[in-house]
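K.L.:
I'd like to ask some things about the structure below.
No value in this document is a laboratory result; all are computed from the given coordinates. This one's a predicted model, so the numbers in the text were calculated from it and none came from an experiment.
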Amino acid sequence: MIRQLCYLSTAAEPLDALSLAHLAEGARRYNAQMQLTGLLAEGGGYFFQVLEGPRDNVCAAFGRICRDRRHRDIRLLQDDEVSGRDFGGMCLALAELDVARLTAPERMFDARAIPMLVSALKHTLPVQMRTHRAMAAA
Ligand SMILES: Cc1cc2nc3c(=O)[nH]c(=O)nc-3n(C[C@H](O)[C@H](O)[C@H](O)COP(=O)(O)O)c2cc1C
């Protein structure tokens, strides 16, 4: 079984693209070693993350993440045993969290909104990855 957790947090201060890329680079290295996969969506002053993998590894990573001063008010939205990964093959996909369009932050506390949000973010990934590549090439 795979443990999958999702949380919402508030960015301590706005993170520019370079800082986010730096954060993701370190996180991906660690996640790969720990057989973790997931997604980090950032936008509107919020982080939304899905983290999935072996139970103890998810627990250890979440402990480190919670101690990180780059965000605060970490609200665990979901913590489940699931039969499969949603982000298999992605050590940490990056996405833009369009809070206004996807869901209002207060609605994220409704457990039923989470699968919809995860699925909506998943669908934006190929588009966002193309955009990132185009930006990197420019
Ligand atoms: C929003 C957010 C998400 C993060 N996600 C991860 C992650 O998925 N994996 C990871 O190893 N570190 C992640 N980090 C970074 C960790 O919090 C931590 O800085 C990093 O693991 C280094 O920990 P250390 O200084 O104790 O070695 C994240 C940080 C933030 C602010």
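K.L.:
Could you state the orientation-averaged shadow area of the convex hull built on the Cα atoms of segment 1-100, in nm² to one decimal?
P.N.:
Answer in nm², one decimal: 5.8.
K.L.:
Against the globular-protein guess of 2.2 N^0.38 Å, express the Cα radius of gyration of segment 1-58 as a ratio, rounded to two decimals.
P.N.:
1.17
K.L.:
Can you tell me the relative contact order of segment 24-79? Whole percent, Cα pairs under 8 Å, sequence separation 6 or more.
P.N.:
Numbers: 34 pairs, mean separation 12.7, N = 56.
Reported relative contact order: 23 percent.
K.L.:
Using the Karplus equation 6.51 cos²θ - 1.76 cosθ + 1.60 (θ = phi - 60°), what ³J(HN,Hα) coupling, rounded to whole Hz, does each residue of segment 15-25 give in order, writing x for Gly and Pro?
P.N.:
Result, ordered by residue: 9, 7, 4, 5, 5, 5, 5, 5, 4, 5, 4 Hz.
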